[in-house]
Structures are given as C-alpha cells and as structure tokens.
Amino acid sequence: MSSDPKIKLFDLVGCLSDAMDFIDPAVVSHHKQVASIAYRIAVEMGLPLAAQKDIVLAGALHDIGAFTLKERRDILAFEMDNPHPHAERGYALLRSFKPLTNIAPMIRFHHRPWDHGSGAAFNGQQVPVASHILHLADRVAVLIQKKYEVLRQVPSICRRVGDEADKMFMPDAVDAFNNLASKEYFWLDIVSPSLQTGFSQKFRQETIGLTSEDMVSFSRLFSRIIDFKSSFTATHSSGVSAVAVRLSRLLGFTEADCRLMQIAGYLHDLGKLAVPSEILEKPSRLQNNEFNVMRHHTFYTYRILEAIPQFQVINKWASFHHERLDGSGYPFHLTSKDIPRGSQVMAVADVFTAITENRPYRRGMTRKDAVKVLDNMAQNSALSKEIVAVVKANYGEVDAARRKAQASASTDYECIT
C-alpha cells in the first residue's frame, strides 16, 4: 500500500458492512438491503447524486453502533422500545472519520419518527431527510421474511407502511416507496443474493485518495466495532496494535511498514464479529466445540480483508497471528518458511497483550509470568525466539506502549457505550 493509495470508498464501507453482518446469520445482507431500498427511494424523490451516494453509505453502516447480538436481533422487530442508543453510538463512531462525517448525522436520527412533521427536528437540530428515508428503508427491510417468496409479501408490507404514513414515516418517502413497490425489479433486487443493484454499479468505481492517517483512522474505527462488542475485549486491538508497532520499530522496520503494522494490529481480530459474545465473554476454559467456533475468526478476517486489494500485506500480517512456526497454528497451518515476519511480530504482540492486559474476570500477568509464557512458546517453536528476545530486552518500553494505548481505548469505550 502506497502512502497515498487510491481505494474505493465503497469497497472500504462494504468490507465493514459485511463484517458487521457476521454478528448473526439473521441479519446477513441487512445493511445492503437497507442501502438498496434507501437508494431507490432517494432516486424516486429526485435527490441529487451526492445525496444518493451518502444515503447508500449510511444505509450500509446504519447499525454500526449495535454491538451485541441482542441489539442486532432487537433491531429486526418492526417496532422497538428504545432504538436510539445504537444510533447515537453509530454517530459517535463515524463523526471522527473524515470521509464519512457527512453520514454521521443521518445515522444518528435514523429511528426518529416523522410524527406529523415534528420529527423534522429534534432538540433544536434539523433531522436530515436522509434519516427519514433510512428509517423507512430499514423498516421495510425487516418486514421482508426470508422464508417466503418476496412478491407474495408486497401487499402486506405496503399496508403496514401505509398505516404508518405521517406517523412513523415521512409522507414524501412513503409516496416514493409506493411508486417503487409496484415494480417487481425493486423487490427482486432487494432479495438478490449478490445484491448487484444499480447503486453498486454506479458508485463502486468512485475512488478517493486516502492518506496514511486516513487509513489508520479507518482501521481504528474497525477496531472499535470489533472490541466494543464485549467488555472483555474492549481495548485488546488497541493494545496489540501498539505493541506490534513498538516491536516493529525495535526490529528495524521502516516507518511505512510500521504504519502498515499499526493498521494490521487494529484489524487482526476483525473476524471475531462472527463469534458469539457468550464465547468471547466466557471466563472459564472453552469446550472443544466453543474453541472450534473461536478458531473461525482468523479465517473470516482473511476473507473480509481480501475485498481490499491494497491490503494484501496488511491482510497477511493481521490474519496469520494464530499461525505457529511449527505448523500447529490455525486456520492455514503455515510453517515458519511461509509466515511473513510481520505476521510473526503480530503473533507475539497478540500473545503479549492477551496475557498482560486486565480482563473483567482476571488480572494481567506479572512480568515474570508473562516472560515465562513467551519463553515456553518460543522454545516450543510456536513464536519467534528473536522477537520474544526483543520483548524481554525492552519489556518496560513495550508494556508502556500497550498500557497507554489501552487507556485511551478504555476512555473511548466509556464515552461511546
């Protein structure tokens, strides 16, 4: 990845959207469906192209603030008791990433009812029209039952939406939806397995020049979605990233490669979005079947990041962190000759962070105990002896980097959750 790469914004957003949908099979493709519906409504309403683009992006990320499995499943109910916390968290996450700043307010208010026009504003702030479009699109998507053929469901969905016109939904958006609802292609696009809809063809070719700082910011956004899923892992990726960068510098990596390592550290556990919270938060030893599920996560990290060609190096460094030099790791069972040095650094950083950080159910290891674990793994050809030796020789410096990064992430966690 060059210092100023040309990356498709829709590829980045699609990657994050796909990762979020791994949380639960029940919500697979939900974000893409909402994006598709919202886009069609925006076009039907005559919104300008820039607004259409932003609505697609907002639809693809609208539930980014829903961290737990329960929240994601609750969102599938047509009427929810308290839908606003996840929308507020989504706003808090996205407003810090400049290329997506415009869509943060759309997501913040995407469950605000129209309420005969009073929903056009909230607490003195104007609610974007896009938020009301997203609200309607989101509710239409949850009304579609996957087990039934979609066209037979159209009359009942239209009746339900019509009953809520001017109450839950903006009338102009409902009118646009009704115009679309009579066209079979509209519904068949929504339930298509590939969702190769017009908006994807129209916008995917758009590229944006991202600085290295932009990429770090985006990867940090990813890490918050990953880690904030559970209080047990709320600061883990931040710690791993900081340790991996510090080790890379001590090992003589270039500054450009250290930046790649920082991004890889933030993304290394991306696939944990596919692991149930019950397993992530289990304080006791995992059963064999639970450990098998846990082992899925590095594979999913690899497959998700494949969607971004410019992340080829980052992907290997991130996804191979549970590979072991003797071939006993997972999921690919690579051996020392096939594991890049950056991946070997990440493996040590992951183990170091996991055993030294505090978790709600136990304190982190002391220096003496942590060194013993690392030494044993190095002697058994699981971790690189060279990299473990660098940790031991610079333990205070490496651990200080971890502590500082995790303290910052902990503050963010408290603010957002």
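Where a number appears in this text, it was derived from the coordinates with a stated rule and is not lab data. If you're wondering where the values come from, they're calculated on a predicted model, not measured in any experiment. Here Cβ is always computed from backbone atoms with ideal geometry, including for glycine, and neighbour counts include all displayed protein chains.
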Identity of the residue in region 254-270, of a type in the set (A, V, I, L, M, F, W, C) and in contact (Cβ under 8 Å) with a residue 60 or more places away in the chain, that ends up farthest from His296 (Cα to Cα):
Ala256
What are the residues in region 155-170 that are assigned to a helix (DSSP H, G or I) and surrounded by fewer than 17 Cβ atoms within 10 Å (Cβ to Cβ), if any?
Pro155, Ser156, Arg159, Arg160, Gly162, Asp163
Would you confirm whether any residue within region 315-323 is charged (D, E, K, R), more than 23 Å from Asp399 (Cβ to Cβ) and surrounded by fewer than 23 Cβ atoms within 10 Å (Cβ to Cβ)?
yes
